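To start, the structure under review is shown below, and the notes come after it.
The values are calculated or read from the model by the stated rules, or taken from the named source; none is laboratory data. Predicted model, so just to flag it, every value in this text is computed and none were measured. We place every Cβ from the backbone using ideal geometry, glycine too, and count neighbours over all the protein chains shown. Each accessible area value is taken on the protein alone, full model and side chains, heavy atoms only, with ligands, DNA and RNA left out. Shrake-Rupley method; radii C 1.70, N 1.55, O 1.52, S 1.80 Å.
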Amino acid sequence: MTTSGTVAFNPSLGELCLFSFNLAQIRPSALMPEHMQAARMATNLILSDWSQRGVNLWKVDLVTQPLTSGVSTYSVDASTISMLDAYIEQTSGSETIDRIILPISRTEYASYPNKAMQGQPTVFWFDRLLSPTVTIWPVPPDSPTYSLKYYRLRQIQDGELTNGTTMDIPYRWLNAFADRLAWQMARIYTPAVVDRLKADSEQSYAIAAGNDVEQSQIYISPMLGGYFS
């Protein structure tokens, strides 16, 4: 058996659009500039929707924010969709210790009577503004040195049709994207096949999302002592 020996399949957005139009029963010979403009808009709306549906693992990265004594609020990159796990890195001389901190709501932060209280931070509030911020409490003191480290979900990069640009999605999500784009295009141009393409889109999305998870085990150890006391 002879195989390609490559794992480089990564079609451009233009190629994916042509395939999706075929799925929507629109042949390449019938395409006009307005079709491609609609496909570009739909592409970016799809990516926006996917960012709301869960944690896309390929768009998670770790950010380090040095903390300043007496300062509680820090700017967050506007491409941040959500903040996930966060921890405080404490450095004293050559020793570094990490401690997890927990998220709180706006209401809980507002309830703290002394927001300028200094100490090792234990909680954070992510304010999801157009220019987002993160606020920690207690506020870090002069020493030791603290840094806030957090995993964030980043916005998926824009889809563009020029210069053979590829998508900012992994190999395992390509089919889900093509099926979703086909459904979106059918809603505009070929309503007769909308229901079938919607079902295909939902199925392929469920498969991709179901496999876009961390492969780790969960152990549950219930405390049953109280039942026999």
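Just checking, how many residues over the range 1-36 are in contact with a Pro (Cβ under 9 Å, 6 or more places away or on another chain), of a type in the set (A, V, I, L, M) and closer than 12 Å to Y189 by Cβ?
Qualifying residue count, the range 1-36: 0.
Would you check which residues across the range 90-124 are open to solvent by less than 40 Å² (accessible area, probe 1.4 Å) and either on the phi > 0 side of the Ramachandran plot or of a type outside the set (S, T, Y) (or both) and list them?
Q90, I101, I104, G119, P121, V123, F124, listed by residue number.
When the residues of the range 185-214 are narrowed to those that are under 17 Å from T43 (Cβ atoms) and of a type in the set (G, A, S), which ends up surrounded by the fewest Cβ atoms within 10 Å (Cβ to Cβ)?
S204
From (1) buried (at least 19 other Cβ atoms within 10 Å of the Cβ); (2) in contact with a Phe, Trp or Tyr (Cβ under 7 Å, 6 or more places away or on another chain); (3) farther than 20 Å from Q37 by Cβ, pick out the condition that doesn't hold for A178.
Single failed check for A178: (3).
Would you confirm whether or not the range 152-162 contains a residue that is among the β-branched types (V, I, T), more than 20 Å from V76 (Cα to Cα), open to solvent by less than 30 Å² (accessible area, probe 1.4 Å) and within 25 Å of the chain's Cα centre (by Cα)?
Scanning the range 152-162, I find no residue that is among the β-branched types (V, I, T), more than 20 Å from V76 (Cα to Cα), open to solvent by less than 30 Å² (accessible area, probe 1.4 Å) and within 25 Å of the chain's Cα centre (by Cα), so the answer is no.
Among the residues of the range 54-95, write down those that are polar (S, T, N, Q), in contact with a strand residue (DSSP E or B) (Cβ under 6 Å, 6 or more places away or on another chain) and farther than 12 Å from V134 by Cα.
Hits for the range 54-95 are T64, S79, Q90, T91.
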